[in-house]
Structure formats: C-alpha cells, structure tokens
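Before any comments, here is the structure.
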Amino acid sequence: MDSTYGKSRDRISNLPDAVLCHIISFLPTKFAVGTSVLSKRWRYLWASIPNLDFDDDLLLDRDKPIGDSERSICFKNFVDKVLLHGSISCIRKFRLKCSDHELDSAVNSWICTALERNVQDLDLYFDTEYPIELPPKFFFCKTLVVLKLSFSIFLDIPSSIWFPSLKVLHLRSVEFSTDDSAQKLLSSCPVLEELVIERWRWDEQWVFNVSAPTLKSLAIYFSVDGLACIAEREDELVDELDNELLVAPQVGPEDESEDEAEDEPEDQKYKLVVDAPNLEYLSITDFVSEDYLMSNLSSLVKAYVNVGPTIRGIDDQILYRGRIYELLRGISNVKHLSLSGETLHVNKDECEIEEWTLPLQVPTCVELHLNEVEIKKFDGLDYELGAIEFLLKNARVLKKMSIDCRDWRDGQEFCVCEKLSGFTRASRSCEFSVFCHCGGIRMFS
Amino acid sequence: MASSKTITLRSSDGEAFDLEEVVAVESQTIKHMIEDGCADNAIPLPNVTSKILAKVIEYCKKHVETPKAEEHAVNDELKAWDADFVKVDQATLFDLILAANYLGIMSLLDLTCQTVADMIKEMSGNEICEIHLLIKERSLEKICKIYNIKTKLTLQSSDGMFFYVDVAVAMESQTIKHMIEDRCADNAIPLPNVTSKILARVIEYCKKHVETPKAEEHAVNDELRAWDADFVKVDQATLFDLILAANYLEIKSLLDLTCQTVADMIRGKTPEEIRKTFLRKHDFTPEEEEEVRRENQWAFE
C-alpha cells in the first residue's frame with residue numbers, strides 16, 4: 001500500500017453534507033436511496049433532497065427473475081415509503097415515469113402528495129395501456145413553475161383552471177378531451193414563457209390554437225408519418241405506439257375538380273394558429289398542419305422552420321405553396337431564419353412543376369430584417385437554388401448565409417458553389433459559407 | 001491653394017458619411033489609405049456602426065477646427081468640450097475606444113481610455129464587475145494595459161503561488177465576485193483552501209467558460225460539452241479537490257459538473273461496488289445493514 005492510501009481513503013467523506021447531498025441529487029431516487037446503506041452518515045442524506053425521480057424501469061439487476069405484479073408492488077411500496085418520509089416537506093422537483101396501469105390509483109395519490117407539498121417542477125411520463133387522468137386539484141396548483149406531461153395522459157380540462165406560477169410547459173402527445181382544451185390550458189397560464197408541443201398521433205384537434213401573450217419561446221413538433229426525425233429520442237416508444245393512431249383520417253372525396261368542390265362540405269383541415277406578441281424564439285417541425293395563421297409576432301428574433309406536406313397528401317400545389325408563404329410572411333420580423341431543405345421542397349411526387357414559384361411581393365422580413373439564413377439538408381436541386389437566389393437578391397441586411405452540404409460526397413459541391421457565387425447579392429457585407437463533406441468550409445466574400 | 005477633397009466613409013450598417021480630407025486624416029488608418037490611393041471610392045469601415053462613426057467624425061471636426069494651442073498652453077475650451085463629449089453610456093464609450101484604436105486616432109484613444117481609468121477609481125463594486133465584463137466582451141485588455149486600467153487581479157494559493165487572472169474570469173467565482181464588490185480585491189486574494197495544482201485547473205475551467213461565446217438559447221454548445229467531459233477525466237483525488245474548490249469558490253457550473261461526474265460513477269452500482277470505488281468505511285453491523293435494506297427494498301432490487 002502506498003503512503004497516500006490512508007489519505008486517499010474516504011476522500012468522499014471529506015466533503016461536507018451539503019455537497020454529498022448535491023451529488024446524490026443528480027441520481028434518480030432509486031439510486032439515491034440506495035446510498036443509504038453505504039454508511040451511517042449516508043443513511044438519511046438522501047432524505048433531505050427535495051428532488052424526487054421515480055422510474056419503474058430501473059432495475060439494478062436485470063437478470064433477476066421477478067414477476068410483473070411483484071415488481072409493481074415493490075415499486076408502489078418504495079414510492080409510498082419515500083413520500084411518507086417526513087423530512088421532505090417541500091418537494092421541489094417530482095418526476096414519475098410509469099408504464100404500469102395497475103398502479104393508476106396509487107399514481108393519483110402520489111401526484112396529490114406532490115401537489116400538497118408545493119411541488120415546483122412536475123414531470124409525468126406514462127406509457128400505460130390506457131391514459132391516466134390527473135386529479136382535480138392538479139388544475140389549481142399555485143406552486144407549479146415547470147410542467148412536463150408525456151404520452152398516456154388524458155387532459156380533461158375543467159371549466160375553471162388556474163396556474164399562476166407556470167412558466168414552462170411541455171406537452172408531449174397527450175390526449176385532450178375537447179378541441180379547445182389546449183387553448184383553455186394556455187389561457188390559464190398568465191406568466192407562461194416557454195411552450196413545447198409534440199404531436200405524434202392523428203387526433204381531433206383540427207385547429208391548434210396557441211394564443212399566449214407572455215410567451216417567449218415556442219417549439220412545435222407535429223409529426224406522425226415523419227416519426228424518424230424524432231424517433232432517435234424515443235426509440236422504444238415508437239415501436240409501442242398504437243398503430244391505429246397512425247392511420248390518417250381520410251381526406252375528402254378523391255375527385256378534385258374545382259367546380260364540384262364548392263358543393264361538397266369543407267374538409268376538415270389541420271390548422272396551426274399562433275398569436276404571441278412577445279415571442280422571441282420559434283421552432284416549427286410540422287408534417288401535420290395544412291394551414292397556418294401567424295399573427296402578432298412582432299418580437300420574433302430567431303426561427304427554425306422545417307415543414308412539409310403530410311401523409312394526407314396535397315390537394316392543390318398552388319394553395320399549398322401559398323400556405324407556406326403565409327407561414328413565412330407571418331414570421332416577417334424574424335432576424336435569424338433557419339430553413340430545412342424540406343421546407344423549400346414543396347413539390348412532392350405527383351406534381352410535375354419543379355420550380356419554386358417566387359412570391360410576387362418580397363416579404364418584408366426578407367427585405368429589411370433578415371440577418372442570417374442557414375440551410376440544412378441542402379440537396380442542390382433547382383428549386384432550392386432558386387430560393388437561395390431569391391433570398392440573396394432581396395435580403396438587404398443579410399450578414400450571414402450558410403449552407404450545409406456535409407451529406408454530399410467530396411467534390412460534388414464545386415459546381416453548386418460556382419452557381420452560388422454567380423448570384424447577385426443585395427447585401428454587400430454578407431458572409432457566405434458552404435460546409436463541405438471533408439469538413440472544410442468554403443467562404444465567399 | 002489645395003482644393004479640399006471630399007472623402008466618403010461607409011459604416012458597417014451601410015450609411016455613407018462625407019467629410020473633408022483634412023478632417024478624415026485625423027485618422028492615421030484613413031490617412032494611409034489615401035496615401036496608398038485606396039480612397040477614390042467610399043471607404044468601408046465594417047467595424048464601426050453609423051452611430052459611433054458620427055460621433056468620431058464630430059470629434060475630428062472639432063479638433064481640426066480649433067486652432068492649435070501653443071506649446072505648453074492648454075486650450076481650456078477644447079478640454080471642456082472633450083469632457084462633455086465623453087459623457088456617454090458605458091457601451092458607447094467602449095465602442096469609441098475600439099473605433100479610435102481601429103482608426104488610429106490617438107488623441108481620441110487617449111481621451112476615452114483616460115475617462116475609463118478615472119471612472120474605475122470612482123466606481124462601486126457592482127459597477128466594477130460590469131465594466132470588466134464589457135472589457136472582456138470587446139477584448140480590450142491590451143488597450144487597457146497601456147493605460148494602466150487594471151484588468152487583472154491576483155490570487156494566492158494555499159502553497160504560496162501567485163496567479164494573475166483577468167477580472168472577468170475571476171468573477172466566475174461568486175466568492176471572488178463578492179470580494180470585488182466589497183472592494184476587498186485590490187491586493188492579492190488569499191485562498192487558503194486551494195492548492196496551486198487545483199487553482200490552476202479551476203482557472204483553466206473559468207477561462208474556457210468565459211471565452212466561449214454563450215450558446216444561444218435552445219442550442220447546446222457541443223464543443224464546450226466535450227471539453228467539460230475531458231476536463232473531468234482526472235484521478236479521484238483531483239476530482240474531489242475540484243469539488244471542494246468549486247464549493248468554496250462558489251462556481252456553480254463547475255460544482256454541478258464535478259458532482260454530476262461522481263453521481264455518474266455511483267449510478268447503477270451496487271453498494272459493494274460503490275464502497276470499493278471510493279474506499280468507503282463500512283460501519284454498519286450486518287444486522288443494521290439488513291434493516292436498512294429491508295426499509296428501502298425496491299432501491300436494492
């Protein structure tokens with residue numbers, strides 16, 4: 001044994017209690033409680049941490065043969081015990097991930113306990129067979145600042161609902177009882193700043209209304225057929241999602257001739273409406289909405305747009321293009337715009353027209369405000385070049401344009417670069433970079 | 001009689017300014033450009049906004065118009081005008097320093113830097129902290145050094161070594177920041193709890209984090225994350241010393257990083273494995289240990 005053995009022994013014991021608790025606070029509750037058996041000093045350290053993170057998926061020994069119902073009881077007893085432990089009187093963060101529907105009444109009482117203990121950050125993730133309903137007192141929680149609800153949760157919004165402290169809200173493909181539920185929920189959050197909405201299934205929310213005067217940041221991920229783009233985050237879940245929910249509601253009669261269309265009842269269209277005067281950051285990944293109405297986005301600084309036609313198909317190319325244009329027009333004050341190649345590619349399979357029809361009027365955003373454009377997933381096709389030419393010709397205060405060709409094979413970007421350098425530029429001080437496969441960056445001044 | 005030629009300057013935001021050559025050559029940079037024949041068209045100044053350029057031109061005009069004071073005499077009126085000229089907000093003042101430096105207008109550089117040096121003497125601790133952040137933001141350390149504007153402070157480790165650190169970097173530590181605010185940082189700050197080996201690492205961490213441009217909202221700086229991951233690849237002894245130092249100096253991001261690292265080492269391990277990793281003393285009797293395990297059964301499944 002070297003001479004420092006004695007010194008380095010128990011170095012962790014040299015840390016003050018507060019620091020040990022800080023370390024434990026980074027562990028899910030199961031492992032945090034597990035530290036109780038390390039020594040007398042550690043026995044109750046975990047109990048003073050106001051953060052609780054329960055995940056019924058965590059098993060120390062995966063090979064241990066333990067039946068489902070036994071596991072269920074074990075998990076329930078554990079959570080009950082931890083919550084009963086008197087010293088955590090004020091829960092700051094409460095995360096619960098559960099896939100066992102047998103526990104739904106226990107889950108309800110656990111959520112009530114968290115609410116009673118003035119929880120500030122609530123994260124509920126259920127992937128049970130049937131959605132879980134939230135207890136009534138949930139809808140009046142005064143202390144909630146951050147709320148994250150994921151998947152098998154059924155939100156039956158009561159007529160009176162109020163979240164006076166809620167600043168951050170993430171709704172990941174939850175189920176709403178009525179089609180104005182989402183907006184009712186938003187209207188009950190007087191200080192909401194950040195909103196993330198994910199939608200992974202077809203539902204009856206034809207009009208998704210985001211009207212929030214205090215909102216600063218909005219991220220939308222609507223993608224049912226495009227699951228690949230977000231599947232990387234939730235691999236297992238994608239497999240488990242009920243396949244029925246992935247079948248799109250039928251589009252109206254196949255006969256598309258314009259005269260007859262007037263006589264048919266209007267097809268339901270998915271529409272996204274956003275009205276947020278304080279919004280600074282907007283990210284839209286949307287393969288569901290067929291119509292957009294963006295208004296009052298006067299504070300917008302940065303926007304990322306990745307939209308494309310839905311699996312339901314496009315009824316009319318011109319109309320569809322017009323809607324994309326409306327979307328871009330609605331965000332006309334934006335300074336930094338990031339577009340995916342998908343957005344520029346508005347003509348899918350069936351259509352013969354290959355060009356990006358230039359809008360007759362240059363959108364104000366492009367002319368006066370656009371500072372920076374970033375094009376990801378660039379394929380070098382004609383309509384994309386057309387769009388870039390349009391932007392370069394009209395964006396007077398453009399400072400930076402970067403195009404990502406990293407997926408291309410080496411050297412392919414040459415001819416594209418030549419074309420790009422030939423375009424007229426309205427802004428003299430624009431820095432133009434093309435990111436190449438080899439890792440290099442070609443710059444044009 | 002030489003006809004006065006007009007020079008056109010173009011600011012970074014595209015505005016054009018016309019001025020007489022005799023005024024324009026107050027700037028050494030522009031003077032050289034004219035001499036090299038590069039001034040036939042508008043001279044672009046991509047580093048200077050129209051707001052600042054307007055002020056700079058105002059300064060140059062005034063100084064050209066005022067008859068030169070005789071040797072050893074001071075033009076009081078001009079001095080008073082200069083004093084008024086620098087009564088601007090701090091951000092504008094620093095932008096003027098940058099512009100004066102870039103354009104090579106020495107008298108303006110002297111004036112603005114001296115103003116900052118005088119300001120710092122009068123400032124409260126809070127304001128000092130803000131000034132140092134502005135200096136760091138605009139990379140003005142070299143200029144400040146010439147004008148004896150202190151941008152560094154001295155830290156002394158437990159083993160007597162001295163470290164000279166930019167104030168903006170030192171302020172990553174809340175403990176040191178409070179000392180600056182309380183004006184206790186004018187001499188060397190002793191840190192009896194931190195050895196030189198650890199202090200060097202902590203300073204390295206703070207420097208990296210101050211110099212890396214803040215990730216924009218909703219973006220994660222992957223490069224910085226990778227750097228952090230490398231930073232904590234150290235032996236256990238050093239890791240725990242870093243935790244203690246981060247705790248004592250109140251550097252939240254470093255404390256979180258190091259504690260998270262230890263938590264990751266604990267996560268998923270059985271108690272026996274944890275004890276082995278950290279050479280934990282084991283003071284439970286077998287009966288006591290059994291009791292604890294029973295109490296929290298699911299934690300041990």
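Look at B:Ala100 and say whether it is closer than 23 Å to B:Cys60 by Cα, free of Cβ contacts under 8 Å to residues at least 40 places away in the same chain and among the small types (Gly, Ala, Ser). It is false that B:Ala100 is closer than 23 Å to B:Cys60 by Cα, free of Cβ contacts under 8 Å to residues at least 40 places away in the same chain and among the small types (Gly, Ala, Ser).
Which ranges mark the helices (runs of 4 or more DSSP H) fully within region B:200-301 that have 2 or more residues being within 19 Å of A:Ile23 (Cα to Cα) and facing chain A (nearest Cβ under 7 Å)? Result: B:236-249, B:252-266, B:271-278.
So if I check each of B:Lys87, B:Lys142, B:Lys152, which one is more than 28 Å from B:Leu9 (Cα to Cα) and either in contact with a Cys (Cβ under 6 Å, 6 or more places away or on another chain) or without any contact (Cβ under 8 Å) to a residue 40 or more places away in the chain (or both)? Walk me through it before giving the result.
Working: B:Lys87 fails: more than 28 Å from B:Leu9 (Cα to Cα); B:Lys142 fails: more than 28 Å from B:Leu9 (Cα to Cα).
Only one candidate qualifies: B:Lys152.
Here A:Asn108 meets the list (1) surrounded by 18 or more Cβ atoms within 10 Å (Cβ to Cβ); (2) modelled with pLDDT of 90 or more almost entirely, failing just condition (1).
Among the conditions (1) closer than 30 Å to A:Lys302 by Cβ; (2) of a type in the set (A, V, I, L, M, F, W, C); (3) within 23 Å of the chain's Cα centre (by Cα), the only one that B:Ala229 does not satisfy is (3).
When the residues of region A:1-22 are filtered to those that are at pLDDT 70 or above, more than 18 Å from A:Arg95 (Cβ to Cβ) and not in a loop (DSSP other than H, G, I, E, B), which remaining residue is farthest from the other protein chains (Cβ to nearest Cβ)? Restricting to residues being at pLDDT 70 or above, more than 18 Å from A:Arg95 (Cβ to Cβ) and not in a loop (DSSP other than H, G, I, E, B), the top hit is A:Asp17.
Can B:Phe278 be described as in contact (Cβ under 8 Å) with a residue 40 or more places away in the chain, more than 30 Å from B:Arg138 (Cβ to Cβ) and in contact with a helix residue (DSSP H, G or I) (Cβ under 9 Å, 6 or more places away or on another chain)? So B:Phe278 passes the test.
Which residue is surrounded by the fewest Cβ atoms within 10 Å (Cβ to Cβ), if the candidates are limited to region B:1-42 and must be over 31 Å from the mean Cα position of the chain (by Cα) and within 14 Å of chain A (Cβ to nearest Cβ)? Among them, the one singled out is B:Asn41. Only one of the numbered conditions (1) within 14 Å of another protein chain (Cβ to nearest Cβ); (2) of a type in the set (Gly, Ala, Ser); (3) part of a helix (DSSP H, G or I) is violated by A:Ser39, and that is (3).
To keep it simple, each residue is scored yes or no on (1) surrounded by fewer than 16 Cβ atoms within 10 Å (Cβ to Cβ); (2) of a type outside the set (Lys, Arg).
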{"residue": "B:Val74", "(1), (2)": "yes, yes"}
{"residue": "B:Asp89", "(1), (2)": "yes, yes"}
{"residue": "B:Leu103", "(1), (2)": "no, yes"}
{"residue": "B:Met119", "(1), (2)": "no, yes"}
{"residue": "B:His132", "(1), (2)": "no, yes"}
{"residue": "B:Lys136", "(1), (2)": "no, no"}
{"residue": "B:Ile143", "(1), (2)": "no, yes"}
{"residue": "B:Leu153", "(1), (2)": "no, yes"}
{"residue": "B:Thr175", "(1), (2)": "yes, yes"}
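None of B:Thr238, B:Thr270, B:Thr258, B:Thr285 is hydroxyl-bearing (Ser, Thr, Tyr) and surrounded by fewer than 12 Cβ atoms within 10 Å (Cβ to Cβ) except B:Thr285.
Modelled with pLDDT under 75 and within 19 Å of the chain's Cα centre (by Cα): which single residue out of A:Leu300, A:Leu237, A:Leu272, A:Leu279 fits that description?
Working: A:Leu300 fails: modelled with pLDDT under 75; A:Leu272 fails: modelled with pLDDT under 75; A:Leu279 fails: modelled with pLDDT under 75.
Every option except A:Leu237 fails the conditions.
Reported count of residues in region B:176-198, each being closer than 17 Å to B:Asp166 by Cβ, touching a residue at least 40 places away in the same chain (Cβ under 8 Å) and in a loop (DSSP other than H, G, I, E, B), is 1.
Residues of region B:43-65 being under 15 Å from B:Ile105 (Cβ atoms) and either within 14 Å of chain A (Cβ to nearest Cβ) or not in a helix (DSSP H, G or I) (or both), which ones?
Within region B:43-65, B:Ile43, B:Leu45, B:Asn47, B:Val48 meet the criteria.
For region A:113-120, the criterion of being modelled with pLDDT of 90 or more and in a strand (DSSP E or B) is met by none of the residues. Evaluating A:Ser177 against the criteria (1) at pLDDT below 95; (2) crowded, with 17+ Cβ neighbours inside 10 Å leaves one unmet condition, (2).
Just give me the residues in region B:151-188 being of a type in the set (Gly, Ala, Ser) and touching a His at 6+ places or on another chain (Cβ under 7 Å), in sequence order. Write out each step before concluding.
Just the residues of region B:151-188 that are of a type in the set (Gly, Ala, Ser), to begin with: B:157-158, B:160, B:168, B:170, B:173, B:185, B:188.
Of everything in region B:151-188, just one residue is of a type in the set (Gly, Ala, Ser) and touching a His at 6+ places or on another chain (Cβ under 7 Å), namely B:Ala168.
The values are calculated or read from the model by the stated rules, or taken from the named source; none is laboratory data. All figures in this text were calculated on a predicted structure; none of them were measured in a lab. We place every Cβ from the backbone using ideal geometry, glycine too, and count neighbours over all the protein chains shown.
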